[in-house]
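Below: the structure, in structure tokens.
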Amino acid sequence: MTVLYGADYNPEQWPADVWDEDVRLMQQAGVNIVSLGIFAWSRIQPSEDVWDFAWLDTVIEKLQAGGVQVNLATATASPPPWVSARYPETLPADENGASYWPGSRQHFAPSSPTYRRLAGELVRRLAERYAHHPAVVMWHVGNEFGCHLPMDFSDSARDAYRVWLQSRYASIDVLNDAWGTSFWSQRYGSFDEIFPPRLAPYSHNPSSMLDYRRFTSDMLLECYLMEREILLAAGATQPITTNFMGPFKPADYRRWAPFMDVIADDCYPDPTNPNRVRDAAFQRDLVRSLKRGTPWLLWEQATDAVNWRPSNPGKRPGALLAETAQSIARGADGIMFFQWRQSRAGSEKFHSAMLPHAGTGTRTWDAVTDLGARLAALGDLPAPGRDARVALVFDWESWWAVEERDHPIEIDYLALVLEWYGAFHARNIQVDVIGPEEVDEGYDLAVAPVLYLLRDEGAAALSRFVEGGGTLLAGPFSDIVDTHDQFRSGGFLTQLGPLLGVRFEDFGALGGVSTGGTGVGAQTVRAAGAGGTVTFDLRGASLPGGIVAERVHAVGASVIATFETGLTAGSPALTRHAHGAGEGWYVATQPVAEGLDAVVAAVVEASGVRPVIDALPAGVEAARRGDLVTLINHGDDRVEIAIEGTDAETGAHIQHVVLESQGVAFVTAPVASRAAAGVLEPSAGDEAAASVTAAGAVPAR
Ligand code: GLA
């Protein structure tokens, strides 16, 4: 479909006489859609019994007359002051049980029945008024669920948690077993004795913490589903979505994805992050993989500087195009910004926008109008398809569990996964970022780093994958606990050991905390610590390992690399084992730098996966979506690249492209034979997932 181009539009911040100019300038910029009214609750319902839709009717009419479509927000993300004043039970609480107060946004307890009642009424009125409005082409539910409030410890949460636990475990004895409450005298007599994990003298039961994270994600999802059901009940037929935040720890988006008609994501690469290209690519691959084979929408990015980091430099010239192209390359069909017109007041007045406060005679406005024209020239984009032959396993439950306290070493899961991703990204090898259960025969290689918590279904899928001919690289610190964060009987690597040909004896923390990584988008990732290192020998080279040096034994596996130093000197660091029609590799450390690269080189060679394009100059990123190849020059120097195809913007036949720094080329270059190249088309199952329209309750756990 033609690229959607636009922004959050907050006309309620401006007098009505600005609205006509807005629409005129939107047309000039090539804007074809706006997300309208995301924070307009207090304007729509200034007090409990007063509703005002007249201004919204007018704005929608003006947009429609100007040919701008509307993604209409349900406006539930920031309750008006009267809600907090009259219904204090809607407010969330921190881990001391102390209330958060109004005055900002997102000051609602997701499990509060009163909040849900009031939000539900707002959505019902909006839905009844606009469900059949021809200008409204999409619904934007809430906004960035959980963004500012990763956990709520209020009394509403307490009550809802007890109900949630009861439906998960049915009996308190089952819960006691799942949580291992015989330890530290934690045995519960009834569900009413259970509280949210508020401030305690020492570490909470880790199994309960894991459930509290599941509960938190489910409460946010319930809010989304409640609104979705109201929209559907009012006859809404437009796609319904909300904006994700990439690898956002509090919400397990994989559970949300089936209820999103299209995945929408917000991404704000940090210009000061040396790994920003890698991290943003990961985020885009992650969100595309939530509905494999279908396009997604970049629902927010910044035209230039943001205002919420300690230091907020603008983007370097051309970076807006380069970052946008990365989204298109990795499956996006929509390119949107926060926000259309820079605010004059409020917390975000220093945040860039499509229309800067300084007006149209600006570098930003030129970049925005140029970008609109280039995206329009692309016309219809091909669906992403199942282009990746490599699966990188990334799992929210494992993330939650592995970052709990009291482990051999503190682990920054996202940072470690990003390091593995980076070795593939640097090679321009296309990767899907998926859960262990989703690893299937569409891949040649699966990489499962730090898959600490491994569910039975995930273990079964990985076994099937290897038996069917796939290459699996697992480790370190993988297959340690079950779904309740308990050790399985029989030791470690109980599920994967047979296909890896390895027995796991003991952990080996190297001291310090995990290696660096500066995070993705709005995420905060703990700062890097010193960490320990160990060396291991791979093909005659001594390479650095880090964080852990586990003591494992080869039980049938060939030892490819051995630890040379440290307490595990002489024991296997990298193993390889033929199993079924495939093979399993285990790495007993998180290698750093060239160590990690060498391990990835070895499994890439063994599995035969290929880059999108061979031998690209350094700094050039390439990704494929169907027949469209996108090339982006992130380097400083001009490069020339041989590629035969059609320039997707001009229609000209080309045999090479020349890219200045930050330059971008979109080239239609079909894989000679998609079947011969092993490219999978989306399966029926993937497509079904992409077009789910029926809402339901939060799926049972
Ligand atoms: C988030 C929010 C927006 C805005 C931007 C600023 O993505 O959804 O409302 O606050 O951040 O970067």
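The values are calculated or read from the model by the stated rules, or taken from the named source; none is laboratory data. Quantities reported herein were computed from a predicted structural model and do not represent experimental measurements. Because the Cβ atoms are built from the backbone with ideal geometry, glycine has one as well, and the counts that use them run over all protein chains shown. Accessible surface is based on the protein model in full, side chains and every heavy atom, while ligands, DNA and RNA are left aside. Shrake-Rupley method; radii C 1.70, N 1.55, O 1.52, S 1.80 Å.
Tabulated data for the structure shown
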read-out	value
All positions within region 42-58 that are over 12 Å from Val136 (Cβ atoms) and crowded, with 22+ Cβ neighbours inside 10 Å	Gln45
Which listed residue, of Gly346, Gly318, is open to solvent by 20 Å² or more (accessible area, probe 1.4 Å), at positive phi, among the small types (Gly, Ala, Ser) and within 16 Å of the ligand (Cβ to nearest atom)	Gly346
Neighbours by Cβ (under 9 Å, 6+ apart or cross-chain): first from region 293-317, farther than 29 Å from Asp440 by Cα; second among the β-branched types (Val, Ile, Thr) and within 9 Å of the ligand (Cβ to nearest atom)	Asn312/Val306
Every residue from region 600-617 that is touching a helix residue (DSSP H, G or I) at 6+ places or on another chain (Cβ under 9 Å) and either hydrophobic (A, V, I, L, M, F, W, C) or buried (at least 18 other Cβ atoms within 10 Å of the Cβ) (or both)	Val600, Ala601, Val604, Val609
Verdict on Ala93 being under 27 Å from the mean Cα position of the chain (by Cα), touching a residue at least 24 places away in the same chain (Cβ under 8 Å) and closer than 15 Å to Val123 by Cα	no
Count of region 164-201 residues which are of a type in the set (A, V, I, L, M, F, W, C) and either surrounded by 15 or more Cβ atoms within 10 Å (Cβ to Cβ) or in contact with a Pro (Cβ under 6 Å, 6 or more places away or on another chain) (or both)	9
Breaking point among (1) within 16 Å of the ligand (Cβ to nearest atom); (2) open to solvent by 10 Å² or more (accessible area, probe 1.4 Å); (3) within 21 Å of Val612 (Cα to Cα); (4) of a type in the set (Gly, Ala, Ser), for Ser327	(2)
Of residues in region 134-151 being more than 13 Å from the ligand (Cβ to nearest atom) and over 19 Å from Asp261 (Cα atoms), the one surrounded by the fewest Cβ atoms within 10 Å (Cβ to Cβ)	Pro150
Matching residues in region 349-392 - criterion: being loosely packed, with under 15 Cβ neighbours inside 10 Å and within 19 Å of Phe39 (Cβ to Cβ)	Lys349, Phe350, His357
Qualifying residue in region 352-360 (condition: small (Gly, Ala, Ser), outside the structural domain of Gly626 (by TED's automatic domain parsing) and within 15 Å of the ligand (Cβ to nearest atom))	yes
Residue within region 277-295 that is more than 21 Å from the chain's Cα centre (by Cα) and away from the ligand (no atom under 16 Å from the Cβ) present	no
Candidates Leu375, Leu392, filtered to the one that is within 25 Å of Val620 (Cα to Cα) and in a helix (DSSP H, G or I)	Leu375
Positions within region 421-438 being without any contact (Cβ under 8 Å) to a residue 60 or more places away in the chain and open to solvent by less than 10 Å² (accessible area, probe 1.4 Å), in sequence order	Pro436
